[in-house]
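Structure first, commentary second.
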Amino acid sequence: MTKPRQARIYQGTPRTLARLARRLQQGDVVAVPTETVYGLAGNALDAGACAKIFAAKGRPADDPLIVHIHSLAQLPALCRANPAALTLARKFWPGPLTLVLPKTDAVPALVTAGRDSVAIRMPRHPLFRRLLKATGLPLAAPSANPFGYISPTTAEHVQASLGRRIRYILDGGPARHGLESTIVDLRDPRRPAILRPGVITAEAVAHALGRRRLPTAPATSTRAQPGPQVAPGLLARHYSPRTPVVLHDRIRLPRAEADTPGVAWVFQQRPKGRVGANVHWLDPRGRLPGVARRLFALLRRLDALGLDCIHVERARGGGLADAINDRLRRAAAR
Ligand code: AMP
Ligand code: MG
């Protein structure tokens, strides 16, 4: 048997953007840069294209896809927006915010995993925006990783884990935020809820809607079928390295242990004093945007070392720290 070809990484020249747009219009899938993490995009109105996304990722059919748009004019064809949704769209789009709204018949059931709601986002990354515009299509795009694994924040991450299952990767540089979008449930505008924390904080969303706070729902009510399972993509174990991850409020590392083979220590900020070969930090000064941006890349790098265990310190504070700790909790879940 011949080995499948490696996916090619394309730079975003006008020629390659036109070419990749044609591929998308023809029903192919293309990995794309976004400001959150890299996505695996396909025509959201073409069930065949979306089936390729599920197949490449090994994603279960009950986990719906987020649909990406270039302009607000695309909304009515996809969903029934409400005033609360338009308020958030005007404030945060283009940006890392996804809105869950009642869907129209144009959206294939495959995209929404049979739900009568669809998740929509207008991304900010300039290359992805140009590609969206060139296709003239809404593009469904989950994170471009095998299901359950750490989300990719560079084109090289995508190539390393999906390179033999897809053909086209558009390189837009390292993702600026490094965490998946904030998801807000607005199916019923009277009962908005945060389904997934992200860079746009629950506080910021609540404030924009003129509320004191928003519930952070385990989104069981959005499932197509009732059941004991947690909400799609909100699985306890997700974004996970293969190496066991152990979380700590604060790591106090005895000198001798800093060099224990097979064990990595990940601090939020550069620890004072002597550091061993197995000592890492997410941001020199522990600043949360830097921590978020580097988290997945560092977990991937450490996971490739075949260690026995990765110890990670939790982020401190609320807001962005909540989103970081949400991903850490899932990475550590067994
Ligand atoms: P990903 O793009 O891989 O980060 O995953 C997208 C996630 O968006 C899914 O796993 C769900 O958690 C969420 N999502 C997408 N569509 C819906 C929907 N119609 N209702 C609720 N959540 C959704
Ligand atoms: Mg994902």
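What follows draws every value from the coordinates through simple rules; no lab data is involved. Keep in mind that what you see is a predicted model, and the values were worked out from it rather than measured. All Cβ positions, even for glycine, are placed from backbone atoms using ideal geometry, and neighbour counts span all protein chains on display.
Before moving on, here are some points about what is shown:
- Cα pair count fraction exceeding 37 Å, expressed as % - the chain: 16
- Relative to the Cα centre, the charge distribution of segment 158-221, modelled as +1 at Lys and Arg Cβ and -1 at Asp and Glu Cβ, gives a dipole magnitude of about 140 debye.
- Cβ-to-Cβ counts within 10 Å put S151, S240 in ascending order as S240, S151, the fewest first.
- Charge dipole (debye, nearest 20) of the chain; +1 at Cβ of Lys and Arg, -1 at Cβ of Asp and Glu: 540
- Residue-averaged 222 nm ellipticity for the chain, from DSSP H runs of 4+ at -39500 (n - 2.57), nearest 500: -8000 deg cm²/dmol
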